[in-house]
Each structure stands twice: as C-alpha cells, then as structure tokens.
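Accompanying notes for the structure given below.
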Amino acid sequence: MPGLPLAVRETTNYGCSCSQSRTDQMCRQQSRVRLSAEEQLAAEESLSVYCKPVELYNILQRRAIQSPSFLQRCLQYKIQAKRKRRIQITISLIGGQNAEVGERIFPFYVLLARPIDDTVAKHSSAYRLSHPRVLNNFNEFGKKDETEATFVIPDIKKLTTDARVNNLNIIVVSKGELKGGSGENHLLKEHEALSSFLKCEGNCFWGKIPVDSLCLSLEKCVTLSLGHRTDMLSAVNMQRSIVQPKYLDRNDCILFQTQDMDSTSTFQVQVSICAQEVAAIETSPYDFYSYDDIPTSSLPHVIRLRTGNVLFNYRYYNNLLQKTEVTEDFSCPFCLVKCASFKGLSFHLNSSHDLFNFEFWVTEEYQAVNVSVRTDMWRSEVVPDGIDPRVQTFFYRSNFKRRRRSKNSVQAASHVHPHVLVSPEAAIEGSHEEYDNNGTCSSQRPHAYTADTSLTNGCNDGGSYKDDVKSRKSLVRGAQLLPTKNKFENGPQHRHAEEYSGHVLSSPDTTGVCGSTTQASTSNDFAQQASGINLASQNMLQFAKMRKISDERADPRNRALLQKRQFFHSHRAQPMALEQVFADRDSEDEVDDDIADFEDRRMLDDFVDVTKDEKQIMHLWNSFVRKQRVLADGHIPWACEAFSQLHGQNLVRSPALIWCWKLFMIKLWNHSLLDARTMNNCSLILERCANENLVPKQS
Amino acid sequence: MAKSGLGCEPAVGSLTASRKREYKVSNRVHEGKRPLYAIAFNFIDARYYDIFATVGGNRVTVYRCLEGGLIAVLQAYVDEEKDESFYTLSWACDIDGTPFLVAGGSNGIIRVINAGTEKIHKSFVGHGDSVNEIRTQALKPSLVVSASKDESVRLWNLHTGICILIFAGAGGHRNEVLSVDFHPSDIYRIASCGMDNTVRIWSMKEFWTYVEKSFTWTDLPSKFPTKYVQFPVFIASVHCNYVDCTRWLGDFVLSKSVDNEIVLWEPKTKEQSPGEGAVDILQKYPVPECDIWFIKFSCDFHYNSAAIGNREGKIFVWELQSSPPGLIARLSHAQCKSPIRQTAMSFDGSTILSCCEDGSIWRWDTVS
C-alpha cells in the first residue's frame, strides 16, 4: 500500500482521556498491544492477506489506464473543473465620481447579458440575462450592504477563443423613478432580484460594458495572471429607453427600446471594475509545505490538516492491529487514482475494490477510512494449470459412450479419471461411485442441437457444421456431439429425465394440510356436546373432564396423527418442526415487539405538528401498553403508576419529557380514565426518582 | 402522480432500427409442446456465462451455448409433482460457489437445485400461491427474492434455507406480485410490481440485522424469527394496468405494463416521509404488439441493451442508456409466431435467446 506510513505517530496526549478515546477509535496504535514473538509472526501472516487483492488491483489498474471507467472519468472531470481558472469581476459605484448623478440612480442593476440576434427594430436591442445583482449604495466607507456586484467569468483565454462565451456584456440598468421602493429591495436573492427587475418594466437608463473590451484591457495587465487584483475605472453611457421583458421560450430575455437620442436622455456613470483571477480550489496554508521541510514530530499534525488527506487504517490480525497510512488529494491507496472528494473516494473504493470492507469516518479533524479484508465472499478462484474452470460443474457426460469405453479401453478411463480428480466441487461426488464402478453415470446423454435445416436464414450449412463438430469433439472431453435432429420429447434424454425424477427431485412432504382437520378428528368426541344446548357451565365442566380423559387415552394416537403430516406456522407459512408442533407455544397470536416498535416509531414520525419529546412519550406509552396488554379502561390507573415507575429515571432527567407525560395524564383525567389520587401517586413516584437522582450528585 | 409539463415529456424511442448490430437466427430447439415461461443466462459466475437454463411445465433444463450457433443440453430436471408448472428461474450460488438453480411456479414451492450434485438442495415452502418471479442478489448470490400470487414478496437465504423477510401487509401489494428486482448497488433496496398496477420500492435497512443473522443461524430454519416488512418506502403509480416486469437501471427503474412500452423512470423518494414521493418519467421504449401480460424483458450484464419479445414472436432490442432510446434491432422469423414470454441476453449482448409459448427456444447471434 503505497501511502505515507504513519507508524511513527506517538500517542503523546496519553493523559487526556476525552480526545484520546476518539483518537483511539480512529487510529488504534499497534504499540498498544503487546505481542509475543509467535503472535507477531501470526500477525505478520494475517497482514499478508492484503497482498493478493492489492496485487490484483494493481493489474486491473494497469489495464484501466487505457480505458478508464465511467466513474474515473467523472472524477477526473471534477478535478479539472476544480482547477479551472476564472476571473472574478467586482463592480461598484464610487460616490465621489458620480456626484452629479446622485442617489437617484439606485436601485442600480448589474447583469450579465448576451445579445439575441433576432432583433428586428432598429432602435431596440434584445438580451438574454443572467446573474442579476442590485446595488443600492455607493461603495463608500461605512456602507456595507449591496455596494458591490460580483461575477465569475471564464478566464481571458477562454473568453477570446470560445464562441459560446464571446459577445458577453455587462449591462447596467438604473431605474431612477423607483427610488422610493429601494428600501424594500434590500437583501434580494438572485432569482428575486431578477423577478423584481423584470416586474418594473417601463422607463429606465441603461448602458453596457462589453466583456471583450474589458478583456483587452485586462490582457495588458501582466499581474493578473500572478493572482493580483486589477482595478480600473470605466465610464458608461446611460441611455434612456423602455424596458420590455420579452418572453421568448424562457423568461430571462429583455428588450431595450431606445427613445429619441438627445443630450438630456443620456448621462455618464463612472463604474469601478476590479478583476482578480481565482481558482475554485481552496488552498490552505499547509498545502505549501513539502514533507521534507517539516520535522517528523509535527508531520502527523500537518498531514491531518490538509484537506485532501485521508487516513487509511488497515485492520488485520482479527482487527486487533492496524497499519495506518495517509494519502493526498483523496487518492486511492491501492491504485493511486485521485478521486476529487471524500465522496468520490468512497464511491471509487466501494466500486473498484470490493475485496475489502470500508468504513468511512469524517470528523472535524480527520477523514479516515477503516479497511479490512472481506472474508464473507472469499473463495479461492485459483485453478490448477490445464483445467478449464468452465467445465468444473457443467460438462458433457455420455452414458452410452462411457459404458462402451470402460469395457474395452484404458484410454477412456484416463479420460474420465483426471476429470473426477480435478473437479473440486463436492457436488460431483454423488455420481462418482458410478463412475468408478462401471463407468456409467446417471446423467444426461450429451446432445447438441444443431442448426435446424428448416431455418432458411440459419447461418450454418451442413458442411461447415460437420467440421465444427469435429473440432469440438476434442474440446468437450471426448464426449460426442451427435448430429441428431431429435425433438426433445422423443430423444433418449427423455427416458433419462424420468429416471432422474425418481431421486433428484426428492422433496419434503410439502402438501399443505390445514391443522384444523386434525384437531377436529381428535376432539370430535366432545364436539357434539359443545354444539349442544347444554348450559355453559355444565358444558365447560364436561369439556374439561372429557379433555382430560381423551388426552390420556388418545395421546399416542394424537401424537401419531400429529406426526403424520406437515404443519405450518400460521403467519409465516413456514413448515413446523415436530417439537414445535408439540410445544405449548403457538405462533397464532405472537406479536413481534421489535417490529411493532419500529412501525410505531415510523408512524409517529409521519406527524409534522408534534414535537420530538411528545413523539418520544407517545412511543414509550404505545410500546408499554402493547407489551403489558393494557386493554380496558380499568387498567389505566395501574398502567400510569407502572409507567411512572418504569420510565421514572428517564423522565426526571429531561423536563420536557416529564412535562409531556404530565399533560398526557391530565388528558386521561379529562376523559375520567384516571383519578386524582393515582395522579398524585404518579407524581410522588416521579419525585422520588428525582430525589434518588440527586442524592449521588450531592455525595 | 407522474410529473408533467413543459420540458418534462419523456423521450420516446423511434421504431426505426439503427442496425448498429445485426442478429441472425442460428438455431432453434423444440423442448416440447408445453410453453416455456423463463430462460436465463448464468450471470452469477464468470465461469458459466455461456450456460443458460429454461423452465416449462414441471421441467428445468440446463444448456450451453456453443460457438457456431450450437446449443447443447447439459442437465434436465423433472419435478415429482406432475401438475407443477414452473414460471420462473434464477441462477444463484452457495457460499462456496456451487451454482444453484432456483425455480418456482404454480405450486408455490421454490426448488433450489444444486447443479453440481444435480440434486435438490432445498425446497422452500411458504408462499401461499404460485411464484411469479425469482431474482438473485448479485452482491450476495445466496440471497434470493421471490414474488408471488399471494401478494407477498419473500427474501430467502439459500445457504441456510431460511425465509428471512416477508414484504407484505398493510402497505403491501393489493394483488398478485408479478415481478421483483434487487437494486444493483444498494443492497437494502428492492422493487416489486404486480397486478395492483403499482411498483413498490422497499428498503430492508432496518431489517438488515436479520439478514445477517440468517447466515449464522444454526437452529431449525422454521424457528428463525421471520419478519414482516409492511411498508414500502415508495409506491409508484406509473402504469394503469398490470405491471409484469421491473428492473433497476442504476437508481432508475425500468418497468413495463401491457400498453406496448417499457418505461424508464426515476423514483424521487423523500427521506423523512417514507411512502411519499414523485415519479419522473424519463424515457419510453415502444414495443408493438406487446399487450398481453407476463412478457418479461432481459438485459445484458451491463444493462446496455434490453431484449423483449411480443405477442407475435418478434423481438425488439433497445439501447437502454442512450437518449432518446435507440432501437438496435427488430428480430423476426417467418416460423416464429407464438408469444415470446421471456428473452435472455448473453453477457455482452451478442446472443439473444427467446423462449416461446409453443415450447421452442430460438437463438439469435450477432453477425459481424
């Protein structure tokens, strides 16, 4: 595992128990466990189970370089997108330079827009808008809100070359008349800003800053590419025009209709533009260290703080020991592929390295993955040389052929025997004896269905087919493919199938029998009397007597009858074992408490107008009532006291719960299900619980 | 329930075949007069990708697809019950990798056949009526799920023979369950559909301890605390008639009813309130003359394409993951006229098998 080993890390904060426990859980140190030499050997050995899968994954990784998987391509794209450089442009108005315009230009909208070609009228221009921002103040000291509009646009290179992003404009719109409403415009979200902008159609002043020209001036700044900020001032001509929202297919288009061009309808605004190159990737100061510079003692600390660093704990020796490594940039420790994010890493690990189990941990300090080798699906797929794994279970066996061979040919035996020896499936054992004894096998005669000549477009003609059969003979271990056109029904295999049905499909007695018939037959002695018109008491008496007698007398017969047939659980319809049939317990009215609790909680979760504490009390009560079988009104007082007793300790610990419980008791009292005295008793019980809780604290 | 509106119309595939791949009939086998209801390649074990099995009547037959269009019979099993009519089968395997064949049908008894020993491994009793479909959990191939006419879906452990969970009850299906499928990556999730016109998505996350317990259970299988999962996480009304086949395509669902199309849709479940959610219908794959129920489609291993037969014996091969969907090929033969109940696509989609109601198996191979 080619990550950075973290074995040097010492547990320096030994005394600090609080953080220790978590750290301990995350990175259990090997040094904690004292091992004898023998155990160490065993531990080494258990670590070596990692070798094989890692080896396999290295091979797969080498193959995947040519054609990376879909997931890997997605993650690669994410990494590229993260690293892509962009320009952040901030636009603001500076009060001093726009003194003659004054406050009346607010609200001042700044938008990114692209002209739409289908402009018909001469004096109008249509734009498709996005990212509207509102300025409500000059960018001056002391005014913080809504003084800047920030956009992120692609970098200069892309702006000049990519056709999709050229022709971009920054449009500024001022609606001087709407000054009064600007106070309400505070803190608009993006889509709200757009809708509020589109709402107030009518007269306005607007101007544009083409991004192309912006680019020209930005290209001159050498410092931009070095990450410095570039400031510039630009004068924008504002023209008076009428705004019309234009709903083409989407509602983000707008039409400016320019009115008469005279000096009164235009004015200039000085706009301050700041440009800065940004990369979407967040760099932390720790990223600039290289590992050589730092002393080993602080290495783990730095390692932990880097965003892309992930701890890998490899568990081995029955999870007693672990080896810890760190990888950078969310890399996979097995194939060193970068995975863009912790989520991406988890997807990659689960999908590409399924011979391991992974547990993912994220805390403020760590991103860690606990790795262990999967044992549940582990079966050896190593096959000895010269053996085709595909014929380990399914192969042709010829009843007819083999019998002949075993009589007169030693060669035939040599064909059969290696086969028997190499097939590891215990499965085949059943037919082995027959193999060895006389070479016959109770299996299907080999039979190949060839192309039916009646098929006009079948791609085999007779000649090529025969060749094919010949070539195949060797492949299928001497079993011959007979070029018959037998219909399945008439073929010899039909006979075989019948032979088979005798011993292969042996099944338990599965004919469903209703248990009630049995009962009826054993108890018909008293059934008549039960249905008679005798008084109930008499009937019951006789019933009891009769049962006693019939039990004694009919017990062996009863048992025999019960043994004779299969019984089933009434709910799950699973066959009952004999001991279950004779057992006292019956599955008929079993209540599954776990599931009932789960369903109750789920039902309560559906309520939206109930607090968490109320749900908790409801759940506890429902569960209590079900388990204690509180059925009648008269049970309620007892249930309340018992409930207080049972959950008292929990209740007194959280006042919200106790409050809910008391409200519930009041509700019961309202319905006259609970008397004041019992309520008082419950309060006393809870008080006692509270006191018991307090006592250990004081002492 | 399904969302509709501007920009939300599903992409419907065109019925003109792109002829990206051409298929030709390479073989035909008559197994008997009785209808064949299911045919399936073994995708569970890489050694046996060319092995397939069919069920029909009380018989299960195992074949191998050989090169040059040949089909070889390997094993045949006949159930002791004469009146059994198997409707479905699925390949599975034991913990040690022995291939299992799991078949179920009208009697409601699920037969697990060990193809290695050629003996019955176990028989699962529990369903109160016929079993309509069995599917294997590819992530744990000793788990199978069965859909039954008794309106329930059951999860079984082949290794220990335990019925682990029953998906039925208050939120369960209201009529026969016709089809069921495991989510390919979310091991807790299954989808089922049936004659109540709904597709239900179930989660066994809360019940997973029981699944784990079933592997280590040493007592009698019938003593296992089988649990009922009563409420699905999502009920989708995508179709307005019997839904007879459903498969997961990633997190999306492919399902078909009797209205001549397969529908691809996205279930949008809400985490907080199970049972609620919306359906976004993404794509439709038209299949003409496919208006009788119990016709199932099959996909290749990577779900790149799907093949489905119709009432007239034609097969439509759709490219699943392109948008709009593209018809790869339309397969028909003058002598194949009876309804195709089920198809089987080989691992890479180069071979398509179909089983017909007249008891014939047709093999189609790509022509290079």
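What to note about this one:
- Each Lys and Arg Cβ is given +1 and each Asp and Glu Cβ -1; about its Cα centre, the range B:1-124 then shows a dipole of about 480 debye.
- At least 30 Å² of accessible area lost relative to the chain alone, listed for the range B:222-262 with a 1.4 Å probe: B:222, B:223, B:226, B:227, B:228, B:231
- Probe 1.4 Å - accessible area at residue B:259, Å² to nearest ten: 60
- For residue B:328, the residues whose modelled amide H falls within less than 5 Å of its own, excluding neighbours fewer than 5 places apart on the same chain, are B:18, B:317, B:318, B:319.
- Most tightly packed first, judged by the mean number of other beta-carbon atoms within 10 Å of their residues, the peptides B:178-190, A:48-60 read B:178-190, A:48-60.
- Peptides A:663-676, B:46-59 ordered by average Cβ neighbours within 10 Å, highest first: B:46-59, A:663-676
- Sequence of B:95, B:39 when ordered by accessible area, the most exposed leading, probe 1.4 angstrom: B:95, B:39
- Total accessible surface hidden between B and A, rounded to 100 Å², 1.4 Å probe: 6200
- Average partner coverage of A:602-615, which counts Cβ from other chains inside 10 Å: 1
- For chain B, taking the reciprocal of the average inverse distance between every pair of different Cα atoms yields a Kirkwood hydrodynamic radius of 20.5 Å.
- Exercise: per-residue mean of other protein chain Cβ atoms within 10 Å, B:57-64: 3
- Dipole check for the range A:597-695: with +1 at the C-beta of Lys and Arg, -1 at the C-beta of Asp and Glu, and the Cα centre as origin, the magnitude is about 160 Debye.
- The ratio of the alpha-carbon radius of gyration of the range B:320-368 to the globular-protein estimate 2.2 N^0.38 Å is 1.27.
- When each of the peptides B:201-212, A:619-630, B:144-155 is scored by how many other beta carbons lie within 10 Å of its residues on average, the order from highest to lowest is B:144-155, B:201-212, A:619-630.
- Highest-MSF residue in chain B out of B:301, B:316, B:100 [GNM, Cα springs under 10 Å]: B:301
- Inter-chain neighbour count for B:90-99: the average number of beta-carbon atoms from partner chains within 10 Å of each residue's beta-carbon is 3.
- Carbon plus sulfur fraction of accessible area for the range B:52-147, probe 1.4 Å, in percent: 44
- Annotation: amide H-H contacts under 5 Å for residue A:374 (H modelled 1.01 Å from N, sequence separation of 5 or more, or interchain): A:356, A:357.
- Check: chain B dipole with +1 on Lys, Arg Cβ and -1 on Asp, Glu Cβ, in debye: 280
- Largest accessible area first, the residues A:585, A:114 order themselves as A:585, A:114 under a 1.4 Å probe with ligands, DNA and RNA left out.
The values are calculated or read from the model by the stated rules, or taken from the named source; none is laboratory data. Small disclaimer: the values here were computed from a predicted structure and weren't measured. So basically every Cβ, Gly included, is an ideal-geometry build from the backbone, and we count neighbours across all protein chains shown. What goes into the accessible areas is simple: the full protein's heavy atoms, side chains included, and nothing from ligands, DNA or RNA. Shrake-Rupley method; radii C 1.70, N 1.55, O 1.52, S 1.80 Å.
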